[in-house]
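The values are calculated or read from the model by the stated rules, or taken from the named source; none is laboratory data. The shown structure was predicted, so the numbers you read here are calculated from the model rather than taken from an experiment. Reconstructed Cβ throughout: ideal geometry from the backbone, glycine too, with neighbour counts over all protein chains shown.
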Amino acid sequence: MIAYHILCHDNFKQVARLIQSLYTESDVFLIDIDDGKQPKTRAINGWLKKPNVHVKRDANIGWGASGTLRKTINGAFSLLELDSSWAYYIVLSGQDLPLKSNEHIKRQLTEGAASRTNFIRCFEAPLVSLDELAINNPNDHCVLWGDRGHTRVYAKPRSINPQDAMYARTLVDVAEVGEEGAVYVGTADPYLRKHRETFFTRYPFYTGANWFTLHRSFLEHMVSDPFTYELYSTIKTSFIPDESFFQTCIMNGPFRDTVSQNYGRLILRPGPVPRVKVFDMDDWSVIEKCDELFGRKFDTRHDQRIVDRVLKARLQNLQAA
């Protein structure tokens, strides 16, 4: 019924609990590990012995670059080949948790499958010009823009800030440096900007969350559709392309009318900077009342109590049903 693609890079004890909460013999799982920092994965070794649980490893991953997009596409296409019985593809991170029972999740997706609904947020990005955007690095050398633990992000000389506007992501050129965990962001040269301007005039640029639930029919279409590969070559060095590739692909093709914006994730982004909040016990009332299928982010190192509470409540609801 379901193909789960779990992207993870650390805290594999929590990943093991995620797998345990979702596991059924009728579903298929792909555990996709960012191996750049050589994390300790012993906690999930027992699950990898299951015939319907598979693993991929990739060290060339950096936040903001194309690594996550590449992993997602490769994983989706691999799952098509690994198992022919599933109807829905669900992308999760190692910091996600299901908020509803497996039966509830499958019941909702069975209803969606009747119309081949794709649950993905898609918003067309308003156009902006280069001269409207702030310079992120006025220096004549690279500067550290941010350190996200597993990725160091550098701004190239005289680069713009691609976070000023969603369309600004198409005006930069992003490079990742493999196992070193570094990403470099610079203003795209005039030829790349012209190519993208021409392309996105024909095919509007859409963005949204990189966590979604897609029907198998759309992914099978992507495999054989030349637009998939034309879009990938155009967008892969933009900023955070995993938050725009699938959205732009589906909204510029025959599956446009199958989109539901109800993508089934509870994500909190408080404050002026839209960073995802890591859940803690103060968020329990919001979690308890929500209708979403999954929540992110959870981290046992931040607050193990909320992880325990969510999984206990889910088990109690299953027993009550």
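Points to keep in mind about this one:
- Output for the stretch 177-203, where each listed residue is surrounded by fewer than 14 Cβ atoms within 10 Å (Cβ to Cβ), within 24 Å of the chain's Cα centre (by Cα) and either part of a loop (DSSP other than H, G, I, E, B) or not charged (D, E, K, R) (or both): 178
- All of 72, 24 fail the test of being of a type in the set (S, T, N, Q), under 13 Å from the mean Cα position of the chain (by Cα) and closer than 23 Å to residue 295 by Cα, apart from 72.
- Neighbours by Cβ (under 8 Å, 6+ apart or cross-chain): first from the stretch 31-52, closer than 15 Å to residue 18 by Cβ; second at pLDDT 95 or above and in a loop (DSSP other than H, G, I, E, B): 47/23; 50/23
- Residue 37 satisfies every condition listed in (1) out of contact with any Gly (no Cβ under 8 Å at 6 or more places or on another chain); (2) under 30 Å from residue 183 (Cα atoms) except (1).
- Taken over the stretch 132-144, the criterion of being out of contact with any Lys or Arg (no Cβ under 8 Å at 6 or more places or on another chain) and buried (at least 19 other Cβ atoms within 10 Å of the Cβ) is satisfied by 133, 136.
- Taking the criterion of being under 22 Å from residue 213 (Cα atoms) and among the basic types (Lys, Arg), the residues of the stretch 276-303 that qualify are 277, 289, 296, 297.
- Which numbered condition residue 64 misses (of (1) surrounded by fewer than 22 Cβ atoms within 10 Å (Cβ to Cβ); (2) touching a residue at least 24 places away in the same chain (Cβ under 8 Å)): (1)
- Selection of strands (runs of 3 or more DSSP E) fully inside the stretch 44-139 by the criterion of at least 3 residues being among the hydroxyl-bearing types (Ser, Thr, Tyr) returns 88-93.
- Residue 109 vs. criteria buried (at least 18 other Cβ atoms within 10 Å of the Cβ) and under 28 Å from residue 228 (Cα atoms): yes
- The C-beta contact set for the stretch 160-179 (first residue of a type in the set (Ser, Thr, Tyr), second residue part of a helix (DSSP H, G or I), distance under 6 angstrom, 6+ apart or interchain) comprises 170/196.
- Residue within the stretch 210-229 that is surrounded by 15 or more Cβ atoms within 10 Å (Cβ to Cβ) and touching an Asp or Glu at 6+ places or on another chain (Cβ under 8 Å) present: yes
- Within the stretch 110-130, the set of residues being in contact with a strand residue (DSSP E or B) (Cβ under 8 Å, 6 or more places away or on another chain) and farther than 24 Å from residue 207 by Cβ comprises 113 only.
- Checklist (1) free of Cβ contacts under 8 Å to residues at least 12 places away in the same chain; (2) within 17 Å of residue 76 (Cα to Cα) applied to residue 256, failing item: (2)
This table checks each residue for (1) surrounded by fewer than 21 Cβ atoms within 10 Å (Cβ to Cβ); (2) within 24 Å of residue 110 (Cβ to Cβ); (3) at pLDDT below 95.
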{"residue": "5", "(1), (2), (3)": "no, yes, no"}
{"residue": "13", "(1), (2), (3)": "yes, no, no"}
{"residue": "25", "(1), (2), (3)": "yes, yes, no"}
{"residue": "41", "(1), (2), (3)": "yes, no, yes"}
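- Subset of the stretch 159-170 that is in contact with a strand residue (DSSP E or B) (Cβ under 6 Å, 6 or more places away or on another chain) and not in a strand (DSSP E or B) - its residue that is surrounded by the fewest Cβ atoms within 10 Å (Cβ to Cβ): 161
- Residues of the stretch 67-79 classified as surrounded by 17 or more Cβ atoms within 10 Å (Cβ to Cβ) and farther than 28 Å from residue 161 by Cβ, total: 3
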